[in-house]
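Heads up, the thing below is written out as structure tokens.
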Amino acid sequence: MAFVRHGEGERPAPRLLPVPEPGPGQLLVRLDAAGVGRWDLLERDGAFARRLGEPTRFPLVTGSEGAGTVVATGPGAGGVAVGERVYGLLARRTPTPGCHAEYAVLDRRLAWPVPPWMSMDQAAVLPVDGAVALRGVRDALRARAGDALVVFGASGGVGHLALQLARAMGLRTFAVASGADGLRLAERLGADEAVDGRRPGFERAIAGFAGPGTLALLTAGGDDAARTVAAMPPRSRIAWPHGVEVPALARDDVQAGPYATGFDPALMAALHAFAAGGRLLPHVSRRFPLAQLQRAFDAVASHHLGRVAVLAT
């Protein structure tokens, strides 16, 4: 079973589709769980296809990441056995059916064994936001041990993973979280300092933490992101992933700009190394049966901590 869109304006509805077959270098996975992110809402509405200049192909099965058990392998997909638990990523979604289904085909180069201490839903939600976080902290900001990092949106999908990656890399961290529950999550994840970004005056706390050369990762946009930028000291480096809308900067004494992720195998292997080393554990705040995918979409569009997942079994 998969949840598909048949045409413009229709909500996801269950439909039986053929079980896909793995091609060269691919794995057929019976899914236990899949991540649900804001990008799934964009894909559902045809935004991804429009960006690629392609027509939206129906039926459309959303879902860019998932975890489950390998049930078949294609030619050249060595190193993975039938029966192994894996999690993975669909880097190019169109026209490949996604993970909001009972079965999905994953590229062997973008699939890894699920660490034994990680639940299947935790593994399912790691690839996309984990890659965005790692690309931002490691590559866009060029963070090194001993650096200070401000994470704006620290209780969200990218932000809570960026906090953990920063700690694993030896950075001092300041978390700007969303709400009292977000503040508690950031503190539990080991932020050196944390504030509730919904409370007025959080910029003063940033200014007290940050010194020249402090780094900042903006995982959410809007006016509060602009206030975070304004609170950063000179010579700071500030980055945000493509898709986050940050108001035009009114200062030229900081390095600031967006970055693209690029879900290449080398980046994803580096992300898996953090997970396999026990230094990265996604927080799943809400779980829904696959049959209630629309409820998961609604949850993603509202306040939530960490990630949202759907369970296929």
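The values are calculated or read from the model by the stated rules, or taken from the named source; none is laboratory data. Predicted, not measured: the structure shown is a model, and the values here were computed from it. A quick note on method: Cβ atoms are made from the backbone with ideal geometry, for glycine too, and the neighbour counts reach across all protein chains shown. Heads up: the accessible areas ignore ligands, DNA and RNA and are worked out on the full protein's heavy atoms, side chains in. Shrake-Rupley method; radii C 1.70, N 1.55, O 1.52, S 1.80 Å.
Each residue in segment 70-125 was checked for being touching a Lys or Arg at 6+ places or on another chain (Cβ under 9 Å), closer than 20 Å to THR261 by Cβ and free of Cβ contacts under 8 Å to residues at least 60 places away in the same chain, and 1 of them qualify. Of the residues making up segment 224-241, those that are farther than 19 Å from ALA194 by Cα and surrounded by fewer than 16 Cβ atoms within 10 Å (Cβ to Cβ) number 2.
Which residue, of ARG204, ARG251, is more than 16 Å from the chain's Cα centre (by Cα), in contact (Cβ under 8 Å) with a residue 24 or more places away in the chain and open to solvent by 20 Å² or more (accessible area, probe 1.4 Å)?
Result: ARG204 is the single residue among ARG204, ARG251 that is more than 16 Å from the chain's Cα centre (by Cα), in contact (Cβ under 8 Å) with a residue 24 or more places away in the chain and open to solvent by 20 Å² or more (accessible area, probe 1.4 Å).
Is it the case, given these coordinates, that ARG135 is open to solvent by 20 Å² or more (accessible area, probe 1.4 Å), assigned to a loop (DSSP other than H, G, I, E, B) and either within 19 Å of GLY211 (Cα to Cα) or touching a strand residue (DSSP E or B) at 6+ places or on another chain (Cβ under 8 Å) (or both)? No, not satisfied.
Would a scan of segment 154-173 turn up a residue that is of a type in the set (Ser, Thr, Tyr), assigned to a loop (DSSP other than H, G, I, E, B), farther than 18 Å from ALA131 by Cβ and open to solvent by less than 40 Å² (accessible area, probe 1.4 Å)? Yes - at least one qualifying residue is present in segment 154-173.
Every residue, every condition in (1) at pLDDT 90 or above; (2) of a type in the set (Val, Ile, Thr); (3) touching a strand residue (DSSP E or B) at 6+ places or on another chain (Cβ under 7 Å), yes or no:
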position	(1), (2), (3)
LEU215	yes, no, yes
THR228	yes, yes, yes
PRO234	yes, no, no
VAL246	no, yes, yes
LEU249	no, no, yes
VAL254	yes, yes, yes
GLY257	yes, no, yes
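Quick check on segment 211-223: of everything there that is within 17 Å of GLY159 (Cβ to Cβ) and small (Gly, Ala, Ser), which residue is least open to solvent (accessible area, probe 1.4 Å)?
Residues of segment 211-223 within 17 Å of GLY159 (Cβ to Cβ): 214-222.
Retained after the next criterion (residues that are small (Gly, Ala, Ser)): 216, 220-222.
Details: ALA216: 1, ALA220: 39, GLY221: 33, GLY222: 31 Å².
Out of the qualifying residues, it is ALA216.
Examine segment 217-224 for a residue that is of a type in the set (Ser, Thr, Tyr) and farther than 25 Å from ALA301 by Cβ, and state whether such a residue exists. Taking every residue of segment 217-224 in turn, none turns out to be of a type in the set (Ser, Thr, Tyr) and farther than 25 Å from ALA301 by Cβ. The single condition among (1) farther than 17 Å from THR219 by Cα; (2) under 16 Å from the mean Cα position of the chain (by Cα); (3) open to solvent by less than 50 Å² (accessible area, probe 1.4 Å); (4) modelled with pLDDT under 95 that THR261 does not satisfy is (1). Can we say LEU31 is of a type in the set (A, V, I, L, M, F, W, C), outside any loop (DSSP other than H, G, I, E, B), at pLDDT 80 or above and buried (at least 22 other Cβ atoms within 10 Å of the Cβ)? Yes, satisfied. Of the candidates ARG109, ARG85, the single residue that is open to solvent by 10 Å² or more (accessible area, probe 1.4 Å) and under 19 Å from the mean Cα position of the chain (by Cα) is ARG109. The C-beta contact set for segment 12-41 (first residue more than 30 Å from GLY306 (Cα to Cα), second residue modelled with pLDDT of 90 or more and exposed (fewer than 14 other Cβ atoms within 10 Å of the Cβ), distance under 9 angstrom, 6+ apart or interchain) comprises PRO22/PRO75; GLY23/PRO75; PRO24/PRO75; PRO24/GLY76; GLY25/PRO75; GLY25/GLY76.
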